[in-house]
Amino acid sequence: MHEPSNAIPLKVDTEGKIKFDTILKHNIKGNKIVYSNFVDLLLKELREDDPKNKKKTRQILEALVSSKISAAMPIQHAEKQAPVQYIRYTPSQQGPAFNSGAKQRITQMVEVQKDPMELPRFKINKKIPRGPPSPPVPILHSPTQKVTIKEQQNWKIPSCISNWKNAKV
């Protein structure tokens, strides 16, 4: 019996050179893109007359525009319903006493059409705390200067001399 191996088989291109990018792409699942060469990073040339690209681009742009238009309209139109589904039901207990004697039943599943004028079912007008207030307005001051002796003397106010009362010194 052979034991499972972690060895990756070598692959060779048309010129006989070993393709080292197989190591990079070994355990990649799905349709992930692995860039192993500088050429892979270069932009592909897009032809404007390519019908596939035109169709894809048109569909994407139409979807974006229609979503913007429908969001701006005050009244929403009824959405298209999903197609009707038929479900075949076979009960586990068979017999004339069970399921009205029927061996199988076919049920038609239809999505109920939503009324576009129906009021919202849930209240979403919760009070949200206010954001922080705007920052205080900066007060522009002239740069601080040291007070000179002359200014200090100018600020000294002599005591009042009263005609009625004077403190005896």
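Starting from region 1-68, pick out the trypsin sites (Lys or Arg not before Pro) whose DSSP state is loop and whose Cβ has at most 15 other Cβ atoms within 10 Å.
Within region 1-68, the qualifying trypsin sites (Lys or Arg not before Pro) (loop, at most 15 other Cβ atoms within 10 Å) are LYS11, LYS17, LYS19, LYS25, LYS29, LYS32, LYS44, ARG47.
Show me the chymotrypsin sites (Phe, Trp or Tyr not before Pro) within region 26-89 that DSSP assigns to loop and that have at most 15 other Cβ atoms within 10 Å of their Cβ.
TYR35
Give the share of C-alpha pairs in each 10 angstrom bin for region 5-48, from 0 to the last occupied bin, in whole percents, shortest bins first.
Whole-percent P(r) values from 0 Å outward: 21, 42, 28, 8, 1.
Is region 76-123 rounded, prolate or oblate when judged by the Cα gyration tensor, a ≥ b ≥ c being the square roots of its eigenvalues, rounded requiring a/c under 1.5 and prolate requiring a/b larger than b/c?
Because a/c hits 1.5 or more and a/b exceeds b/c, region 76-123 counts as prolate.
Please list 95-104, 112-121 highest first by mean number of surrounding beta-carbon atoms within 10 Å per residue.
Peptide ranking by packing, descending: 95-104, 112-121.
As a test of the formula, what do you get for the chain when each DSSP H run with n ≥ 4 contributes -39,500 (n - 2.57) and the sum is divided by the residue count, at 222 nm and rounded to the nearest 500 deg cm²/dmol?
Result for the chain, helices only: -6000 deg cm²/dmol.
Based only on Cα atoms, what mean projected area does the convex hull of the chain have, in nm²?
Quarter of the Cα hull surface area: 45.0 nm².
Any idea how far apart GLN145 and ILE23 come out in nm if each label point goes 7 Å out from Cα toward Cβ?
Label-label distance for GLN145 and ILE23, simple model: 7.7 nm.
Which aspartates and glutamates have a Cα less than 20 Å from the Cα of LYS80, not counting those fewer than 8 places away in the same chain?
Qualifying aspartates and glutamates at Cα under 20 Å: GLU62, GLU111, ASP115, GLU118.
Out of region 1-72, which GluC sites (Glu not before Pro) are coil in DSSP terms and have no more than 15 other C-beta atoms within 10 Å?
Passing sites in region 1-72 are GLU15, GLU45, GLU48.
Only the coordinates and a few stated rules stand behind these numbers; no lab work does. Note that this is a predicted model, so its numbers are computed, not measured. Cβ sites come from the backbone with ideal geometry, for glycine too, and all protein chains shown count toward neighbours.
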